[in-house]
1. Any chance the stretch B:289-300 includes a residue that's charged (D, E, K, R) and surrounded by fewer than 20 Cβ atoms within 10 Å (Cβ to Cβ)?
2. Can you tell me which residue within the stretch A:56-89, out of those that are aliphatic (A, V, I, L, M), at the interface with chain B (Cβ under 7 Å from one of its Cβ atoms) and without any contact (Cβ under 8 Å) to a residue 40 or more places away in the chain, is surrounded by the most Cβ atoms within 10 Å (Cβ to Cβ)?
3. Residues that are modelled with pLDDT of 90 or more: find the helices (runs of 4 or more DSSP H) completely inside the stretch B:460-501 holding 1 or more of those.
4. Hey, A:ASP30 hits all of (1) more than 7 Å from chain B (Cβ to nearest Cβ); (2) surrounded by fewer than 23 Cβ atoms within 10 Å (Cβ to Cβ); (3) touching a residue at least 24 places away in the same chain (Cβ under 8 Å); (4) not polar (S, T, N, Q) but one; which does it fall short on?
5. Please state which of the following conditions A:PHE151 fails to meet, knowing it meets all the rest: (1) crowded, with 21+ Cβ neighbours inside 10 Å; (2) of a type in the set (Phe, Trp, Tyr); (3) in contact (Cβ under 8 Å) with a residue 24 or more places away in the chain.
6. Just give me the residues in the stretch B:149-204 being farther than 23 Å from B:PRO433 by Cα, in contact with a Ser or Thr (Cβ under 7 Å, 6 or more places away or on another chain) and modelled with pLDDT of 85 or more, in sequence order.
7. For A:ILE108, indicate whether it is of a type in the set (Val, Ile, Thr), at the interface with chain B (Cβ under 7 Å from one of its Cβ atoms), crowded, with 16+ Cβ neighbours inside 10 Å and within 17 Å of B:CYS399 (Cα to Cα).
8. Can you tell which of B:VAL427, B:VAL397 is surrounded by fewer than 18 Cβ atoms within 10 Å (Cβ to Cβ) and within 13 Å of another protein chain (Cβ to nearest Cβ)?
Amino acid sequence: MRLAIRHPKDFWAGLIFTASGLAFGILAQDYEFGTTTRMGPAYFPTVLAILLVIIGLATTIRAFVIDGPPLQGFALKAGLLVLGPIVLFGLVLRGAGLAAALLALVMISAYASGRFRWIVAIPLAIGLTAFALLVFVMGLGLPIPVIGRWFN
Amino acid sequence: MELLANLAIGIDAAITLNNVMYCFAGVLLGTLVGVLPGLGPAATIAMLLPITFTLPPLSALIMLAGIYYGAQYGGSTTAILINLPGETSSVVTAIDGYQMARQGRAGAALATAAIGSFVAGTFATCVIAILGPMLARVALEFGPADYCSLILLGLIASVALAHGSLLKAFGMILLGLLLGMVGADINSGAMRFTFGIPELSEEIGLVAVAMGMFGISEILHNLEHELTREPMVKSVTGLLPTREDLRRIVGPIIRGTLLGSALGILPGGGAILSSFTAYSLEKKLSRDQSRFGKGAIEGVAAPESANNAGAQTSFIPMLTLGIPPNPVMALMFGAMIIHGIVPGPSVMTERPELFWGIIVSMWVGNLMLVILNLPMIGLWVRLLRVPYHLLYPAILVFCCIGVYSVRNVEFDVYLMAIFGLLGYVLVKLDCEPAPLLMGFILGDLFEEYLRRAMILSHGDPMVFVERPISATMLVLSLLALIIVLSPAVRRKREEVFQEEA
């Protein structure tokens, strides 16, 4: 009998669990384990990590036994164009200020959609930025610089 | 007449011009965001949390509670009009609600949802007012071991709500618990899993996790198959249910309310479990089961009443025991901590105006939901027609500002992106995010109570079986486990989750 992955979703989910469990379990060994009466910082995470590894392995092994639907591809472009601008927002927030950070966030993320059109995206970015400044900075008084130090 | 005196304190605190306005604003904003496809109550609350930071504690909590009901109701509106439930608890509403909308009876469906929610909300508010103080008294008897077993029950119960494989749901809980360990250990001060990043020393921010797993990952998911989602109806007319409708919905509303109130109290239960159970119950009781799935008004009335009642009574474990039973309550829990209030039995004795004020405001919020929503349905319908490619950049703006403003650190923005990615990947692998979030929320409480229990018992695990409260919780956990694992229930569970697909 040939060994084949019959349930790809479970296979990968199991690997993620196993890897996370191993990572947490190994890292936890840097801390004091303690005793059952006086649990150290490593005690509970180690127990959890062992359980997670067991469940992860079981899930992966089961993937060779039961059938499951195929794994659909990941939307790489959309992923990059949504997560990228979020990270960028964090990076430039203090330097460029909220206004510029928001404009960048909206413009780049809007590009992730298949229906992106400049003529829509530009007014959208300006409108959302103005709205956010009005509500969060002027209305709620959140302490975020509107214009960052890079422009001063 | 202690109850009346208590309610008077609450009315005094909650019915001020300011607080009624915040309640109104909360319900309005909550509905506004909740109506948007793909944003459930947890994401909505996480997004709007920063708005409440500058308010006094009671006003903030009143507004947040309003946001919660609003989002819940908004989700039902979306479910009925475009068959796209914004949250799991309105999944069953979509089954018959959408069919009603297709038959031109959207108005009646929406009105039924509103009436059902109001009746349920009123009843559940009374339940909290009566049961809350009693439970708070019981809570004083709770020792660390009892809390531990209660948390275990909550975690196991949350598995029952997950889609698909139970094994993976348990994996998600454990992963969540481990993520909850990140940060400074309360007892020893050891920095766990922080990689020397100072922003991680407190712990991973709940808002970042919730927004990432529910908000951002949802956007990624939706962009993958960008669809046009035109609402069935261009305008909603005929809001008033007919006499025949009213006759049909009385029973389901009452049954849904009772069921929802009871299930909402259970940790891990809340709105989702209630609506599923109420729907199956009505289907079973109906003389003509074939009507269900084809626009039976009972199929809207029962789950809508149940999910609102459950949403409401799920405040009980948080307010009395200090244990958040679901992700939404965890966010409320976080909000209370931000305002310097530690949820638990002491809130009622030390801050009675806060406790009773929240309860009274719940009823006010439910009233507003009806007053606000029925006349404004036209507006919600128009909102539903905003195309997604204009909507998601706006959601991103709110998420980014929101998560940043919790602590004013950029790191939380990055964390949100990471959890967005994690959520996206895990959902692709059919792993539900809800159990992970439950584990994450309860992780450090679980550890803390476990440690205390072990110190008190000198490391003897028998303490969990010997204490009656703890033993009861363990028996319930075991029962929950057996029920979830039993072949009959498993088949049933798959059926229910199949129906929604």
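1. So the first thing to find is which residues in the stretch B:289-300 are charged (D, E, K, R), and the list is B:291, B:294, B:298.
Within this subset, residues satisfying the condition of being surrounded by fewer than 20 Cβ atoms within 10 Å (Cβ to Cβ) are B:291, B:294.
Yes, the stretch B:289-300 contains a residue that is charged (D, E, K, R) and surrounded by fewer than 20 Cβ atoms within 10 Å (Cβ to Cβ).
2. A:VAL82
3. On the way: elements: B:463-466, B:468-485, B:487-500.
Of the helices (runs of 4 or more DSSP H) lying wholly inside the stretch B:460-501, those with at least 1 residues that are modelled with pLDDT of 90 or more span B:463-466, B:468-485.
4. Every condition holds for A:ASP30 apart from (3).
5. (1)
6. Scanning the stretch B:149-204 gives B:ALA184, B:MET191.
7. Working: of a type in the set (Val, Ile, Thr): yes; at the interface with chain B (Cβ under 7 Å from one of its Cβ atoms): no; crowded, with 16+ Cβ neighbours inside 10 Å: yes; within 17 Å of B:CYS399 (Cα to Cα): yes.
So A:ILE108 does not fit the description; no.
8. Values: B:VAL397 fails: surrounded by fewer than 18 Cβ atoms within 10 Å (Cβ to Cβ).
Every option except B:VAL427 fails the conditions.
The values are calculated or read from the model by the stated rules, or taken from the named source; none is laboratory data. All values reported here derive from a predicted model rather than from experimental measurement. A quick note on method: Cβ atoms are made from the backbone with ideal geometry, for glycine too, and the neighbour counts reach across all protein chains shown.
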